[in-house]
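Visitor: Got a structure for you, questions after.
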Amino acid sequence: MSGWRKRLKRVGEAALIALAGLGASGPVSAALAAFPVDGGLGMQPAATPLAEQVHEFHNLLLYLIAGIVLFVLALLIWVVLRYNKRAHPTPKKFSHNLLVEVVWTAVPIAILVVIAVPSFKLLYKADVIPEADFTIKTVAQNWNWDYEYPDHGDFMFNSRLLPKEEAQAAGLPWLLAVNEHPVVPVGATVRLQVTAYDRLHAWTIPAFGVKIDAVPGRLNETWFQPMKEGIYYGQCSEICGPQHAYMPIMVEVVSQEAFDAWVARMQAEYAQADDAAPVAVARLERNR
């Protein structure tokens, strides 16, 4: 089989996985799944308005860089052909050129302004959290994640890598699928609070345009607003130890009705009364 056919087959297999059925902690929707595929080009499809703006800014920079590279290449070719020793045996003698100096100063400044304006807008939008519909807390540890839903009964659960056999049986991508995963309703604005127990980690979902460090003793915040139902995958993006590659993130976006049903099930399974708090702590300790 030729190389391009093998690549096409791998992409097709990844697409079939993306349309797979049920997951481990909820009614996994197969409408869309975002994760890396062999031979893939470009970024994962944007699932949030913030990610869409990140992609637009990326494309703007790509066009600017391509234009600058082509312009400099054309200048080099022109200089080589026009001013080589054979075509121009007698060199010009001058110390400066006012027009050229103004142009090569003003044009880069204009390019930087074109880059800076959308960059500042994007940084501001990513940093300032809008009024959220609810909050999710996540605490990173070696090498999994604890999630808590304080606005939905304050239940919490541990999310860790799903074994290869279980992932394959569920039709989910190994090294990205987890035993329990957060679920959010489509269109909801979610505030995500992130910290860590032990060392630096980073919570990342490329399709959401979100990457934030989890730092022991510090509470960081970010937000996302998924606009498409589906399963979205990420991984810890900080080199956090020998099992860094086995610390995936999996978020499912569903309808409001499916989310309400999931919350009811998770409350019944994981929520603890105040006098039963040690039971919840003991469960988390066993999962670590």
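The values are calculated or read from the model by the stated rules, or taken from the named source; none is laboratory data. Since the structure is predicted, the reported quantities are computational estimates derived from the model, not experimental observations. Note: ideal-geometry Cβ built from the backbone for every residue, glycine included; neighbour counts use all protein chains shown.
Visitor: Give, as residue ranges, the strands (runs of 3 or more DSSP E) completely inside segment 134-245 that count at least 1 residues that are within 18 Å of Ala51 (Cβ to Cβ) and in contact with a Gly (Cβ under 6 Å, 6 or more places away or on another chain).
Guide: The strands (runs of 3 or more DSSP E) meeting that bar are 201-205.
Visitor: Assess whether Thr90 counts as being closer than 30 Å to Leu192 by Cα and either touching a strand residue (DSSP E or B) at 6+ places or on another chain (Cβ under 7 Å) or not in a helix (DSSP H, G or I) (or both).
Guide: no
Visitor: May I pose another question? For segment 88-103, state whether one or more residues are among the β-branched types (Val, Ile, Thr), modelled with pLDDT under 95, loosely packed, with under 10 Cβ neighbours inside 10 Å and not assigned by TED's automatic domain parsing to the domain that holds Ile249.
Guide: yes
Visitor: For segment 141-179: of the residues being among the aliphatic types (A, V, I, L, M), surrounded by 19 or more Cβ atoms within 10 Å (Cβ to Cβ) and in contact (Cβ under 8 Å) with a residue 24 or more places away in the chain, which is farthest from Ala34 (Cα to Cα)?
Guide: Met156
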